[in-house]
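Derivation of every value follows stated rules applied to the coordinates shown; laboratory data play no part. For clarity, every value in this text was computed on a predicted model and none was experimentally measured. Here the Cβ is made from the backbone with ideal geometry for all residues, glycine too, and neighbour counts use every protein chain on show.
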Amino acid sequence: MQNRNILIIGGGIAGMEAAGQLLRLGWEPVIVEKNERLGGHVAKWYKLFPDMMSAADLVQTLTDGIKEATVYLKTRVASMNRLKDGYSVVLSNGVSLQCSAVLIASGFHLFDAAKKEEYGYGVYDHVITNADLEAWFGGAPDNRVPANPGQVAFVHCVGSRDLKAGNAQCSKVCCMTAIKQAIEFKERFPGAQVWCFYMDLRLFGKKYEDFYINAQKDFGVHFVRGRVSEVSEDIDGRVVLKAEDTLAGLPVKLRADLLVLMSGMLCNSDTAALASMVRTEVDSDGFLRSRDNIYRINESRREGVFFAGACTGSKTVPETVAEARAAALDIHNYLNGNA
Amino acid sequence: MPDFGFSLSKSSSVSLDSLDLGLYGELERLEPGVKTCMACGSCSAACTASVWSGMSVRKLILNLQRGKDVEKMLGSCMLCGKCSMVCPRGINTRHLILSLCRIYKKQ
Amino acid sequence: MKERFASGFDPFVLPFLLGMIFVLGYCAYGIVRILLQLPRKDRRRFLLSLITPHIILKNVWDIFCNCLLHVKLWKRNKMLGFMHSSIAFGWFMLILLGHIEVMAYCPDRIRFFYYPIFFNYFVAENESTIGGAVLFFLMDFFLLMILTGIVLAVVKRVRSRIFGMRRTTRLSLMDNIGLYSLWAIFPLRLLAESFTAHISGGSFLTIPANWVFRQFLGNDLNMLPTWWAYSIALGVFMCVLPFTRYMHIPAEMMLIPMRNAGLRIRHPRKGFARIEVLSCPGCGVCIDACPMSVKKANIKDCTVYLNRQIRRGNEKRIEEISDKCLLCGKCEAVCQVGVEGPLLRMEQRAMRKYGLSQDFSGLDVSLLAPAASGAKVLYFSGCMTRLTPSIGKSVTSVLHKAGVGFRWMDEEGGLCCGRPLQTAGRYEQAAQLIRKNEELILGSGADTLVLSCPICYKIFSQDYKLPGVRVVNYATYFSELIASGRLNPVKSDICYVYHDPCESGRGCGYYDEPRKLLGAIAGIAEAPMSRSESVCCGGSLGSLTLEFAQREAMTRKSLENLYASRADAVATACPLCLATFSRYSERPVRDLSEILDLALKSEKASDRTVRG
């Protein structure tokens, strides 16, 4: 009789959605999550664009869908061996199991903004990242956010499209996130002046352009095309940004009460180890390599190993969820011999 | 020519059909990295000389690409290397400037 | 003792004689040419030094130690030291003893160049006297010494790793001819002297060998071909010498007196530079030392190859090699003869022609002048520090905590120190910037200039003229503040390994002060390669052409060396090293000022509780 177990590495939204779908298709997913709770990055987020849906609600919906799945928290995959039809897996908590397919949904990690030394993250008092701001929106106290900010600057592409930061790729979601957060910020502090420093605005998805227009029209967010190159601090502890307004062709300087760095998405640091465990490849961008990038994004080059979500590249939430569903169906078809 | 009360000045628009890219072409050969510039402006913002001069590597590259003169900007570079430190595309801007100075021919 | 030939001549000496005349003539011509290439002042200085007693003594001593005994090489690598000194010193002793023999037994023959070399062919049985026996014993002894050296040299060619060298120089055709003829000389000498040992006498090597040969080659006529071969090997070696790396033998004997006379490189190719280039023995010690050699593609850009290309006049390669170098100075630090690799390269860069040159002479610096205040201390952070704000913030924080009244001279931007222009060979432009900065500093009324960037520190301490202003590195200044009790840091438990930045370390010999400061505020460990052997982080501005992507391997290699110290974190004193290391390091990287500021934070907290 066929083994019904399917190993899902990563309990973020991709892993959870895939597990929910696989349950419905009659399989027995086993989620292995290294953190102490499910939901991944989305669980730490406040609201999701473009509908401003509560991230917590989404995670709750997904959690409800996987009640019957086996979930191991604070657990990693220790080793994995290929069998004739499936994999034999040993987990870091001592559990060993056999599964007939593996879904890697290990996601991404946020670029460590301190690595961009010139922005002074961790050095100056009022420099935070997009994730910090989102947590603050969600109610977590953060004394770096001033009580009554006059000016706020968002710097796009921190750790994205930057060879020096080790990531030449566009993280694709940060432009939209910056605009979303700029609007949310304006909603809380209508008197604040919000400045977005961008290289290119990449607003490609449904309703994204509307957000841009709203930010300009209804919220008066200022957009400057130029990459901030250095940040200093004045006597009052405010951050001083230097950039070039490349459209006006002028050097510009801004004193801000808060600087928000839009950290980009990098492949998770343990992905390479996972890849070598199942003997699949890492792509030139550091993410996992799919069979192809058009029709078989969910499939690895190894039989029985599938991908979902940001482990193959930066993705938005709807893209990740859709991919997880597709992966579940791919696995179902593969195990039924329909692939 | 009769006086019409106004005169026509030379058009300030650049004709992309008839650009003289001799200098830029030579620069591309010496420092191929120049091709990857995405005009983000990091170099100009970081430039030490920009405080007291109009120096901007971004403008320099764009002006060359549009066949314009860049002598004035080039003349204030101190080669401090900040621009090459911040360039997200890893362009060797110091070598770019040194190469340009070498091949520069005064009109 | 008697001479075998009344004429004192045999045609076999001709190859040697020709080679000797050629090489002596060549060297004489070379010396005259180089003397003429020297600027008049330098020439005078050099010639005067040759008649100054203490310099003469120093010259003789240095030549003896370096050229014959290879003392420096012994210190670095015992096997290599033994190999080189056994050949050089042994050969020197053979020549010296040959002359003593001639002087002792047939002084009238000393006017023949070849007599001391081929003495054993021309005389008969003089080992019977005690003096002869001793001399013959010494001759065989030194010959044996050379032969062991040659055996080692052969082994080294095949397996350089035994000598601790990962990579050695790839030899040119001429070098190979020189090498093989040199190797041939001494076995052939042994053979030749052995064949004649029953006539001329010999010692522990030659007499047993002679006995063996005479078992099957009884005829005395057999001896002549070996003497011919010996002479030919000598002749070939001397004829090719000027075109091989063995030119370093005469050149170094010239380089040492010139250096002792205080001469410096004044022209990229002529005079002193020429002598330095010729003095390169092509040993390849600089190859393993060069941080770029971590990538195989860069090996041909090490100093040994620069010297070779300069000798060949290959302008394209000279330019490539000169521009690629990081100017970290490690090749110079390890060089046995003291070739100034970085300076030579800067000189090559300086000889370029530019269609457009920067000109800062007309710059009005009044706009950049620091706001007037009574502060006597100026802090100059330099351009790069603006990209590593942690340094600027920590330095100013420490100065505030010590209660030092200071001004941050380039807080709002300023002029570059000029060192980057200097390393690019733009000396004139660098000098203009120096003058402008001098104007700013002297105009400020300050008496102390604190620097946190080693690139700035190098040029400020060596090329600026700032009468009445003390130029001080922040590590020294902070140590003084601690010593005088104005700062009371709490020593941290974290163990740091200190990375010597190239510009302050090898550039200024500034090794102890930063360690003193670090030792006072945290634990300290040493990397296997540190101080003058420290490995460049790969971020150096010295290189004009190295691309960003090409530098990563160098940074990782440098970090490997630092990790080997088993320290918890890396400490450095350079914004460029900090930025470069932080990019790839798995362990924390901090500037000295950051570590000090952290050590002061805890103190401040305790102060507050005491003051209540």
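Axis of helix C:303-312 versus longest Cα principal axis of chain C: the two differ by about 60°, to the nearest ten degrees. Rounded to the nearest 0.05, what FRET efficiency do C:Ser366 and C:Phe141 have when you use their Cβ-Cβ distance and R0 = 56 Å? So, using R0 = 56 Å, E works out to roughly 0.15. In the protein assembly as shown, a dipole from Cβ-located charges (positive for Lys and Arg, negative for Asp and Glu) runs towards its positive end, and of C:Ala569, A:Val194, C:Met247 it is C:Met247 whose Cα lies farthest in that direction. All other residues whose Cβ lies under 13 angstrom from that of C:Ala430 are scored, Lys and Arg at +1 and Asp and Glu at -1, for a net of +2.
In chain C, helical runs assigned H by DSSP with n ≥ 4 each contribute -39500 (n - 2.57); averaged across all residues and rounded to the nearest 500, the mean residue ellipticity at 222 nm is -17500 deg cm²/dmol. Projecting label points 7 angstrom from Cα along Cα→Cβ for B:Asp3 and C:Lys465 puts them 5.9 nm apart.
The chymotrypsin sites (Phe, Trp or Tyr not before Pro) of the stretch C:158-232 meeting both criteria, a DSSP state outside H, G, I, E and B (loop) and at most 15 other C-beta atoms within 10 angstrom of the site's C-beta, are C:Phe204.
Farthest towards the positive end of the charge dipole of the protein assembly as shown, among the residues C:His499, B:Ser50, C:Pro281, is the Cα of C:Pro281, using unit charges on the Cβ of Lys, Arg, Asp and Glu. What does the C-alpha gyration tensor say about the overall shape of the stretch A:111-264? Classify as rounded when a/c is under 1.5, otherwise prolate if a/b is larger than b/c, or oblate. It is rounded, given that a/c, with a ≥ b ≥ c, falls under 1.5. Within the shell of other residues whose beta carbon sits under 12 angstrom from the beta carbon of B:Met78, the net charge comes to +4, with Lys and Arg scored +1 and Asp and Glu -1.
Candidate cross-link partners of A:Lys186 among the aspartates and glutamates, defined by an alpha-carbon separation under 15 Å and a same-chain spacing of 8 or more, comprise A:Glu134, A:Asp218, A:Asp257. Taking neighbour counts of Cβ atoms within 10 Å as a proxy for exposure, in what order, fewest first, do C:Trp61, C:Trp91 appear? Sorted ascending by nearby Cβ count, the order is C:Trp61, C:Trp91. Work out the FRET efficiency for C:Asn219 and C:Val71 from their Cβ-Cβ distance, taking R0 = 56 Å, and round it to the nearest 0.05. E between C:Asn219 and C:Val71, to the nearest 0.05, is 0.75.
Only aspartates and glutamates eight or more places from C:Lys2 in sequence, or on another chain, were considered; those with a Cα closer than 18 Å are C:Asp10, C:Glu101, C:Asp108, C:Glu125, C:Glu127, C:Glu193, C:Asp220. When C:Ser394, A:Ser284, B:Ser76 are arranged by Cβ crowding within 10 Å, least crowded first, meaning fewest neighbours, the order is A:Ser284, B:Ser76, C:Ser394. Of interest is the spacing of the C-alpha centroids, which for the stretch A:15-31 and the stretch A:40-116 amounts to 12 Å. Here, chain C has an Rg and a Dmax of 30.3, 108 Å when only alpha carbons are counted. Net charge of the neighbourhood of C:Gln309, taken over other residues with C-beta under 12 Å away and scored Lys/Arg +1, Asp/Glu -1, is +4. In this Cβ point-charge picture (+1 for Lys and Arg, -1 for Asp and Glu), chain C has a dipole of about 760 debye about its Cα centre. Between A:Arg296 and A:Asp270, the contour length at 0.36 nm per residue exceeds the Cα-Cα span by 7.1 nm.
Shape class for the protein assembly as shown: prolate, because the ratio a/c of the largest to smallest gyration tensor axis (alpha-carbon atoms, square roots of eigenvalues) is 1.5 or more and a/b beats b/c. For the stretch C:68-226, a/c is not less than 1.5, where a ≥ b ≥ c are the root eigenvalues of the C-alpha gyration tensor, and a/b tops b/c. That puts it in the prolate class. Distance from the Cα centroid of the stretch A:166-191 to that of the stretch C:476-540 is 42 Å (rounded to whole angstrom). The ellipsoid equivalent to the alpha-carbon distribution of the stretch C:490-611 has semi-axes of 28, 14, 13 angstrom, derived from the gyration tensor eigenvalues as √(5λ) and listed largest first. Working from Cα pairs under 8 Å separated by at least six residues, relative contact order for chain C is 12 percent. Converting phi to 3J(HN,Hα) with the Karplus coefficients 6.51, -1.76 and 1.60 and the offset θ = phi - 60°, the stretch B:24-34 yields 5, x, 5, 5, 4, 5, 6, 9, x, x, 4 Hz in sequence order, with x at every glycine or proline. With a cut-off of 19 Å on the backbone N, the residues of the stretch C:190-211 near the modelled label site 7 Å out from C:Glu3 along Cα-Cβ are C:199-201. Listed by chain and number, the lysines whose alpha-carbon sits under 23 Å from that of C:Lys458, ignoring those within fewer than 8 places in the same chain, are B:Lys82, C:Lys324, C:Lys330, C:Lys376, C:Lys393, C:Lys436, C:Lys516. Database note for chain B: Cys without another Cys beta carbon under 4.7 angstrom, B:Cys37, B:Cys40, B:Cys47, B:Cys77, B:Cys87, B:Cys101. Of the DSSP H helices in chain A, those with a Cα length along their own long axis of 15 Å or more and a mean Kyte-Doolittle hydropathy reaching 0.5 comprise A:13-24. Ranking A:Phe154, A:Val224, A:Gly120 by Cα position along the charge dipole of the stretch A:111-264, where only Lys, Arg, Asp and Glu carry charges on their C-beta atoms, puts A:Val224 farthest toward the positive end.
Between C:Arg566 and C:Leu18, the simple spin-label model (points 7 angstrom out along Cα→Cβ) gives 6.5 nm.
Rounded to the nearest 20, the size of the Cβ-charge dipole of the stretch C:422-483 about its Cα centre is 140 debye, with Lys and Arg at +1 and Asp and Glu at -1. With a Förster radius of 45 Å applied to the C-beta separation of C:Glu547 and C:Glu439, the computed FRET efficiency comes to 0.75. Here is the P(r) of the stretch B:20-106: all C-alpha pair distances, binned every 10 Å from 0, give 19, 58, 22, 0 in whole percents.
The charge dipole of the stretch C:366-481, taken about the Cα centre with unit charges on the Cβ atoms of Lys, Arg (+1) and Asp, Glu (-1), comes to about 140 debye, rounded to the nearest 20. Comparing mean-square fluctuations of A:Met265, A:Met277, A:Met176 from a GNM of chain A with C-alpha springs under 10 Å, the top value falls on A:Met277. Put simply, the amide H of A:Glu230, placed in the peptide plane, has neighbours under 5 Å in A:Lys242, leaving out anything fewer than 5 places away on its chain. Annotation for A:Asp64 and C:Asp493: the two label points, set 7 Å from Cα along the Cα-Cβ direction, are 4.9 nm apart.
Note the angle between two axes, namely the Cα long axis of helix C:206-216 and the longest principal axis of the Cα atoms of chain C, as a number of degrees from 0 to 90, rounded to the nearest 10. Taking Cα atoms only, the helix is inclined about 50 degrees.
Full extension of the chain between C:Arg352 and C:Ile56 yields a length gain of 102.8 nm, computed as 0.36 nm times the residue separation minus the alpha carbon distance. Which residues among the stretch A:137-177 fall inside the zone where the amide N is under 17 Å from a point 7 Å beyond the Cα of A:Glu36, along Cα→Cβ? Inside the label zone: nothing.
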